[in-house]
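In what follows, a single structure is set out as structure tokens and then discussed.
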Amino acid sequence: MALTEAGPVERTITRTGPGKALARRFVAGDTLDEGVAVARKLNEDGFLVSLDLLGEECHDRATAIGARDEYVEGLDRIGSESLAANISIKLTQLGLAFDESLAIELLDSLADRAAEVGTTVTIDMEDSRYTEATVRLYEKTQSAHGNLGLALQAYLHRTPTDLKRLMPLGGHIRLCKGAYVENADVALTSGNDVDEAFASQLRELMAFEGVRPAVATHDSTLVDLTRELGRLRNEPFEIQMLYGIRTALQHELAAAGFPVRIYLPFGSKWYPYLTRRLAERPSNAWFFVRSVFGG
């Protein structure tokens, strides 16, 4: 992270042709128009999409409302262009870091607009400082609207309890390993332990009726387990992968009839997204490198 925050490194990636080309492997573009164009192509190729407006947590009301308005514009485009897509949002973009009531208000408005265009809103999970507040806001808003989903991170010690707490609310649950660097008192730190936790939670999630599992992994072993459990499941589920990572596997799964949703980031603030995905976990860097060189 220290290296990527250095000015020369950032300029190399953001201002040069090769750097921009690297970014475009994993980010749809700087604008909503670019994001929608990529989403349309992904739909044509048989994929579902989750549009994610990139951005950091904010600490003022105007910025939070501005982020909400950009998400509304994305929902409007999903509706007007009949895209097979939803939106993924971060509650700190909507003000959670400084005003929980504002975040609830803005999330409510997004759920209302999503319902009008016939789609859903997924709440991304951020670092552990915000986990309880995020779960609490999801419970409140999902109970009121019924068209939301929530990401849960398998490596957190609290996640098995959160699964039991949230599955009865319906909606969809995006299960991922977890990408933030957390202390051992908060999260599992061994890769093998994280894999075992994910598999255990996946089995529980896929066995529960009335909720839509959204299995977010690029791990071949866990993808195979998802295929196995999916064939036994009578209710809808989906596999989720990041745009630009393991594209061959994405196409293989879609061709085999598995519902695959591509998490599609867009927006001008793509540099932190790119570098943090590379830096937060070695496995992320490995997948990015494999993808760049033909994976």
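The values are calculated or read from the model by the stated rules, or taken from the named source; none is laboratory data. Note that this is a predicted model, so its numbers are computed, not measured. Positions of Cβ are generated from backbone atoms using ideal geometry, with glycine treated the same way; all protein chains shown enter the neighbour counts. Just so you know, the surface numbers come from the protein's heavy atoms only, side chains and all, with ligands and any DNA or RNA stripped out. Shrake-Rupley method; radii C 1.70, N 1.55, O 1.52, S 1.80 Å.
Here is a yes/no grid of residues against (1) out of contact with any Leu (no Cβ under 7 Å at 6 or more places or on another chain); (2) under 22 Å from residue 262 (Cα atoms):
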| site | (1), (2) |
| --- | --- |
| 71 | no, yes |
| 90 | yes, yes |
| 100 | yes, no |
| 106 | no, no |
| 117 | no, yes |
| 129 | yes, no |
| 147 | yes, yes |
| 151 | yes, yes |
| 159 | no, no |
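Can you name the residue in segment 242-261 that is assigned to a helix (DSSP H, G or I) and surrounded by fewer than 18 Cβ atoms within 10 Å (Cβ to Cβ) and, of all such residues, is nearest to the chain's Cα centre (by Cα)? Outline the logic, then answer.
So the first thing to find is which residues in segment 242-261 are assigned to a helix (DSSP H, G or I), and the list is 247-255.
Now restrict to residues that are surrounded by fewer than 18 Cβ atoms within 10 Å (Cβ to Cβ): 247-249, 251-252, 255.
Numbers: 247: 17, 248: 20, 249: 18, 251: 19, 252: 21, 255: 22 Å.
In this case the residue turns out to be 247.
Can you confirm whether residue 100 is of a type in the set (D, E, K, R) and more than 18 Å from the chain's Cα centre (by Cα)?
Judged against the criteria, residue 100 is a match.
Could you tell me which of the residues 152, 107 is buried (at least 19 other Cβ atoms within 10 Å of the Cβ), in contact with a strand residue (DSSP E or B) (Cβ under 8 Å, 6 or more places away or on another chain), part of a helix (DSSP H, G or I) and among the hydrophobic types (A, V, I, L, M, F, W, C)?
Numbers: 152 fails: part of a helix (DSSP H, G or I).
Going through 152, 107 in turn, the sole match is 107.
Here's a check for you: in segment 215-241, which residue that is surrounded by fewer than 21 Cβ atoms within 10 Å (Cβ to Cβ) and aliphatic (A, V, I, L, M) is nearest to residue 36 (Cα to Cα)?
Ranking the candidates gives 223 first.
Which residues, taken from segment 117-144, are in a helix (DSSP H, G or I), open to solvent by 30 Å² or more (accessible area, probe 1.4 Å) and either in contact (Cβ under 8 Å) with a residue 12 or more places away in the chain or in contact with a Pro (Cβ under 8 Å, 6 or more places away or on another chain) (or both)?
Of all residues in segment 117-144, those in a helix (DSSP H, G or I) come to 117, 128-144.
Now narrow it down to the ones that are open to solvent by 30 Å² or more (accessible area, probe 1.4 Å): 117, 128-129, 132, 136, 139-140, 143-144.
117, 128, 139, 140, 143, 144, listed by residue number.
Name, by its number, the condition in (1) more than 20 Å from residue 242 (Cβ to Cβ); (2) among the β-branched types (Val, Ile, Thr); (3) open to solvent by less than 20 Å² (accessible area, probe 1.4 Å) that does not hold for residue 173.
(1)
Just the residues that are within 20 Å of residue 100 (Cα to Cα) and either open to solvent by less than 60 Å² (accessible area, probe 1.4 Å) or not in a helix (DSSP H, G or I) (or both), please, taken from segment 57-79. Working first, answer last.
Within segment 57-79, the first condition is being within 20 Å of residue 100 (Cα to Cα), and the residues that meet it are 57-72.
Passing the criteria: 57, 58, 59, 60, 64, 65, 66, 67, 68, 71, 72.
Identify the residue in segment 38-71 that is touching a strand residue (DSSP E or B) at 6+ places or on another chain (Cβ under 8 Å) and of a type outside the set (A, V, I, L, M) and, among all such residues, is nearest to residue 239 (Cα to Cα). Steps first, answer last, please.
The first filter runs over segment 38-71 and keeps only residues touching a strand residue (DSSP E or B) at 6+ places or on another chain (Cβ under 8 Å), leaving 38-39, 42-43, 46-54, 67, 70-71.
Then keep just the ones that are of a type outside the set (A, V, I, L, M); that gives 43, 46-47, 50, 52, 70-71.
Details: 43: 15, 46: 13, 47: 10, 50: 12, 52: 17, 70: 26, 71: 23 Å.
The residue in question is 47.
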